[in-house]
Amino acid sequence: MKAAPLILCAEDEPQLLRDISDELKSAGYRVVEARDGAELLERLKRVTPDLLLCDIMMPGIDGYELLARFRRDYPHLAHVPLVFLSALSMNEAVIRGKRAGADDYLTKPINYDLLLSTIEARLRQSRQSRAGIRTLAGLGQHLLDALAVGVVLFAPDGQIRHANRAAQRLLYDHGQGLRDQLAEPVRRMGADAESGIENSLSVLLDESSCLMSQFHACPADPYTGAGAMVIVFLAGPEARPALSSDALKEMFDLTATEARVAHLLASGMRPEDIAREMGVAPTTIAFHLRNAFAKTDTHRQAELVALVLSLPLRTEGE
């Protein structure tokens, strides 16, 4: 049988704390009491509440500071709602509480019917939020494994937390050399992620095979409870079919010939192969490539290839 929701309640008036606790227990909730903000923070080290009920005006750590510490130190409990209690009914106090991140605000003397309905509503919203996060997490797993590009999730210290099927194949094929190449960019992006900085970096790992990588620093997300991480995308030409010539013309204002040259280059052909394919001299291909470089603001063949490749879904049987 599933346990009743646990309410962690902080109130510095002893009689009022007992009254609130009795009302909540009568309504079927479990209750852990705290006489002030400091005691509530101590309780949090041992229990995981479903909702916090907290007086604002308490000695020492008041409600505003408690809320700030709770959101900062317990990001994995971001789904847990916090309801403020206060004798203050001024709009300024309500606004300050909302801005601080409180989910609701009730004034004293307490209307217990309103208190119970507020708690019920906030707990229902919390359950719906967590159900949505679980659904997205499951969907994300399926999407990762459907991608033709490799996706690796690293902890900031460089430990691999997850690799989709395409990444597992690339890591196996390229061995320790690929892991060594990833280590330093992951370390740099990991430091940014832990500092709360979103950042990204693109690296050509192997020019001969056009193995590209993109690194993304992802700071911790207090809403979902996800910690800081580094996401790395890995892809070679086989996982990134070139855009059509028509798409290249529209996107980069290339001529039909320039677009065809760029498309063939991104499809894996060398300039001399393209010259034979099109029945022209290699110098003509070089001329069109220079124009394509200028229009796409690239400087080398590998950069042009990386620019015009897309990231499709994995095909059946891979």
### Task
Considering (1) modelled with pLDDT of 75 or more; (2) more than 26 Å from Val308 (Cβ to Cβ), say which one Ala137 fails and leave the rest.
(1)
### Task
Consider Leu116 carefully, then state whether it is outside any helix (DSSP H, G or I) and at pLDDT 70 or above.
no
### Task
Would you confirm whether any residue within the range 170-189 is closer than 23 Å to Ala266 by Cα and in contact with a Gly (Cβ under 6 Å, 6 or more places away or on another chain)?
yes
#### Entry: Members of the range 173-203 that are among the small types (Gly, Ala, Ser) and more than 19 Å from Ala220 (Cα to Cα)
Gly175, Gly177, Ala183, Ser202
### Message
Among the residues of the range 1-12, what is the count of those that are part of a loop (DSSP other than H, G, I, E, B) and either touching a residue at least 40 places away in the same chain (Cβ under 8 Å) or surrounded by 15 or more Cβ atoms within 10 Å (Cβ to Cβ) (or both)?
### Response
3
### Query
If you scan the range 282-298, which residues turn out to be under 15 Å from His263 (Cα atoms) and aromatic (Phe, Trp, Tyr)?
Phe293
### Message
Where the second residue is outside any helix (DSSP H, G or I) and modelled with pLDDT under 95 and the first is more than 17 Å from Leu248 (Cα to Cα) and assigned by TED's automatic domain parsing to the domain that holds His263 and lies in the range 279-292, which pairs have Cβ atoms under 9 Å and are six or more apart or on separate chains?
### Response
none
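The values are calculated or read from the model by the stated rules, or taken from the named source; none is laboratory data. Remember, it's a predicted structure, so these values are computed and weren't measured experimentally. We place every Cβ from the backbone using ideal geometry, glycine too, and count neighbours over all the protein chains shown.
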